[in-house]
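The values are calculated or read from the model by the stated rules, or taken from the named source; none is laboratory data. Computed from a predicted structure; not experimentally measured. Neighbour counts run over all protein chains shown; Cβ positions are idealised from the backbone, glycine included.
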Amino acid sequence: MNSSSEPPKQLKPANWYQSVNCAIEGIIWAARTQRHMRIHLLAAMGVLLTAVVLRVSALEFILLTLAVILVLFAELFNTAIEVVVDLVSPEYHPLARVIKDLAAGAVLMACIGAVVLGYLALSSHFFGTLGQGLGLLEPPKGEVAVVSILIVIILVVLFKALSGRGRPLYGGMPSGHSAVAFAIATAVALSGVTPAVTLLTLALAVMVSHSRLLMEIHSLTEVVSGALLGVIVTLVVYFLL
């Protein structure tokens, strides 16, 4: 039979049922071919099981569900973009790499948001005293540390983007490792722990910063600038909150 007499293949699903099947096939394909998708699915299963074991409230379950959906959606979107880029540009192209990096950045942002949502939902269960949670209507424990570290990371990204120097984890002004390390050390010092714990945390921050100098990744100015950024931002957030 002549191939021209064969009915043309449908590029679009004919009905809602076929649309759902196509969507399910896409999810299955991503899970079969993408290692990160499998990891996210396993993590989602662990989060949901944790929610059942801890008997979280309805609001806490909503936050956890949003976190799971956010990450899975971002990973599916990232996979779709990678497939399109590989189809359009099978050979290496600088812009193709930028597109893939942007899509991966979207997944990273979704993961950070999911961690924050998970912290808000589960912090009262893990940090509550004598099994009594704080409740979601009250400020979560450790909010100074969480907020200050997120702000420090955002500022480091902005400064490196504006200066055009260094890569995300290598070089540039200021040192992101120093900024985050000293933000954590300052948050620990402000949390009311014993002086010994404060000194140990500060020593770790100094060691992290010093390692960037020993590896010749950052200059002394970049390391000191990062340390000051972490301390100042954490202090500002502490006095605001």
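Below are the figures for this structure:
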{"item": "Any chance residue 157 is more than 18 Å from residue 56 (Cβ to Cβ), over 17 Å from the mean Cα position of the chain (by Cα), surrounded by 11 or more Cβ atoms within 10 Å (Cβ to Cβ) and at pLDDT below 80", "result": "no"}
{"item": "Subset of region 182-228 (residues that are within 20 Å of residue 146 (Cβ to Cβ) and more than 24 Å from the chain's Cα centre (by Cα))", "result": "189, 190, 191, 192, 193, 197, 198, 202"}
{"item": "Positions within region 19-69 being acidic (Asp, Glu) and farther than 14 Å from residue 117 by Cβ, in sequence order", "result": "25"}
{"item": "Members of region 185-200 that are modelled with pLDDT of 90 or more and closer than 24 Å to residue 157 by Cβ", "result": "185, 186"}
{"item": "Some residue of region 19-30 being at pLDDT 80 or above, outside the structural domain of residue 116 (by TED's automatic domain parsing) and not hydrophobic (A, V, I, L, M, F, W, C)", "result": "yes"}
{"item": "Residue 124, sole failed condition from (1) surrounded by 13 or more Cβ atoms within 10 Å (Cβ to Cβ); (2) modelled with pLDDT of 85 or more", "result": "(2)"}
{"item": "Residue match in region 71-89 (condition: outside any helix (DSSP H, G or I) and either at pLDDT below 90 or in contact with a Cys (Cβ under 7 Å, 6 or more places away or on another chain) (or both))", "result": "yes"}
